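The values are calculated or read from the model by the stated rules, or taken from the named source; none is laboratory data. Since the structure is predicted, the reported quantities are computational estimates derived from the model, not experimental observations. Cβ placement follows ideal geometry from the backbone for every residue including glycine, while neighbour counts extend to all protein chains displayed. Keep in mind that these areas ignore ligands, DNA and RNA; they rest on the heavy atoms of the full protein, side chains included. Shrake-Rupley method; radii C 1.70, N 1.55, O 1.52, S 1.80 Å.
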Amino acid sequence: MKEHNIKPVVYLFNSLSRKKGTFEPLQPPHVGMYVCGPTVYGDAHLGHARPAITFDLVYRYLTHLGYKVRYVRNITDVGHLENDADEGEDKIAQKARLEQIEPMEVVQHFTVLYHKNMDQLNVLRPSIEPHASGHVIEQITMVQKILEKGYAYEVNGSVYFDVEKYNRNHHYGVLSGRKIEDLISNTRTLSGQSEKRNNFDFALWKKAEVTHIMRWPSPWGDGFPGWHMECSAMGCKYLGTQFDIHGGGMDLLFPHHESEIAQSTIANGKPPAHYWMHNNMITINGQKMGKSLGNAMSLDDLFTGNHPLLEKAYSPMTIRFFILQAQYRSTLDFSNEALQAAEKGMKKLLVAAAALKHLTPDSSAPSHGVSSIVQSCYTAMNDDFNSPVALAALFDAVRIINAVKDGLSQINIEEHEVLLTLFDDFVFGIMGLLPEDTGREHEVVDGLMQTIIDLRQDARSRKDYATSDKIRDRLQSLHIEIKDGKEGTNWQLK
RNA sequence: GGUCUCGUGGCCGAGUGGCUAGGCAGCGGUCUGCAAAACCGUGUACAGCGGUUCGAAUCCGCUCGAGACCUCCA
């Protein structure tokens, strides 16, 4: 483990117990984490950013603490069952038919787009990113195991999980808090239902109709895997039959994760994950944002400002900061006002981070109590990854940095070092924020700006304010902000 | 209908029994040729009603309101 003053005891909220508890990996220092990734049949939207950033934070923080994390996040490219007019048709296949192109072409297109957007958000790539389509054999094998154990039945080329039988000696509903009796009256009528023994049984393998494009051969004929199979099969393949953390959006709690638990428990003799973590939803006007609700905002829309709900474009880092300003288990309400507040707050933090590097420490300066800020950051993150509280602590440091920068206070060498480390670790390493103007032309621009600032300074010393104001106004119209301070003049892009 | 969650100041958002969360916006001041930025100061916020307690935003009950899941979804 990396050396820290703070004992790295992480408390996390486990959806299984609905309580916070200490995080104890099965095989420390190794941590296995599986997170449900995107179905690549449409643009990546704000809703995809939340789990990606949430679990990126978890990944970064656990890694920072010294854990060796294997982070697996899947790409769903075999589709799930659609539930509109084309009931039962594979999502990917449906889109492909519409566009008259190959399903895998659709998959490729949206996978590339997803990766691009995630890179923009500075979300680290997971250790392994398995595709469901590349693991059909593993899924078939797992279905066979469940059949052998007698917890599934084949009907007409499809295989279903026998929930009622499972529930006799297990609890189908441990995760979501449901009771099987409640499910009986509440399950919707779906195609193929008549084949099922009970309408709450779920498909492990589904027969492909002749028109179905995406299909694979199996012992039960041509078909495709059931909705929950891929995560169980791939999680098991790369992390073992039991691993530490399984994550995803709250909307996946039931039936997806519940069913994963059931089928893995039968296939492997034990439930798959020790800790289940679920991020909450992003809302628009208090309502969940979702692809199927038609109110989803794509990440490209956000980044370009090209959407009727958007007053302006918001940078990827603004989106990241916005998401980190809420604890992952809370809903986060979207609005232009909130996004603009996040934008300004983040800028303040990043400007201070840059200024920190150029502070001149004073060996005789008294202490600012910086170590308590460091402690607060760790305490916050250890408490179920409470990023907003950690950010609040960082803003305490911002105040100190600005005071020193303005010559209103001094900082000693030790505390300067502590702050440099803190910002490297937390702002950049753990929160994953990036300064936004890190172009290659940066140095040139810097030089040009310095020249202009010097000229303006000359004018000012001649009291030629007409010229100095003209320079400032022209720069202003280019969204370059001139800031005169005690230590000289700075500039930044607005 | 069933299961569950939430309701915090102008906005976002932490906080789970007593100690200033924080950010944005606003107001007053310092600095500045003017400004911007920064800094300092500034808000009797916890949906309502009742209960427990020396003490409740925090625990309990009820009422009202909002949302999620039960169907693919992050």
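For the stretch A:442-493, which semi-axes, largest first and in whole Å, follow from the square roots of 5 times the eigenvalues of its Cα gyration tensor?
On the way: eigenvalues 59, 31, 21 Å².
Calculated on Cα positions only, the semi-axes equal 17, 13, 10 Å.
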Rotationally averaged projected area of the stretch A:187-333 (alpha carbon convex hull; nm²): 12.3 nm²
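Roll a 1.4 angstrom probe over the protein heavy atoms and tell me the percent of accessible area of the stretch A:11-279 that is carbon or sulfur.
Carbon and sulfur: 50 percent of the exposed surface of the stretch A:11-279.
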Would you pull out the residues with amide H under 5 Å of A:Phe202's amide H, same chain only if 5 or more places away, H placed 1.01 Å from N? A:Phe161, A:Val163
Show that you can apply the helix-only estimate: for chain A, add -39,500 (n - 2.57) for every DSSP H stretch of four or more residues, divide by all residues, and state [θ] at 222 nm to the nearest 500. -13500 deg cm²/dmol
Could you estimate the translational diffusion coefficient of the stretch A:11-279 from the Stokes-Einstein equation, with Rh from the Kirkwood formula over C-alpha pairs, at 25 °C and 0.890 mPa s, in whole µm²/s? 129 µm²/s
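Of the cross-linked pairs A:Lys116/A:Lys348; A:Lys291/A:Lys312; A:Lys20/A:Lys344, which ones have a Cα-Cα span greater than 25 Å in the structure shown?
Details: A:Lys116/A:Lys348 27 Å; A:Lys291/A:Lys312 22 Å; A:Lys20/A:Lys344 33 Å.
Pairs exceeding 25 Å: A:Lys116/A:Lys348; A:Lys20/A:Lys344.
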What is the sum of charges around A:Gln108, taking Lys and Arg as +1, Asp and Glu as -1, for the other residues whose C-beta is under 11 Å from the C-beta of A:Gln108? -3
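Using only Cα atoms, figure out Rg for chain A and give it as a multiple of 2.2 N^0.38 Å. Working shown, then result.
Details: Rg = 26.7 Å, N = 494, 2.2 N^0.38 = 23.2 Å.
After normalising by residue count via 2.2 N^0.38 Å, the value is 1.15.
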Which entries in A:Lys145/A:Lys196; A:Lys68/A:Lys91; A:Lys149/A:Lys206 show an alpha-carbon gap greater than 28 Å? A:Lys68/A:Lys91
Compute the normalised compactness of the stretch A:266-334: alpha-carbon radius of gyration over 2.2 N^0.38 Å, N being the residue count. 1.47
Quick one: which residues, 5 or more positions from A:Asp333 or on another chain, have an amide H under 5 Å from its amide H? H modelled 1.01 Å from N in the peptide plane, none for Pro or chain starts. A:Thr283
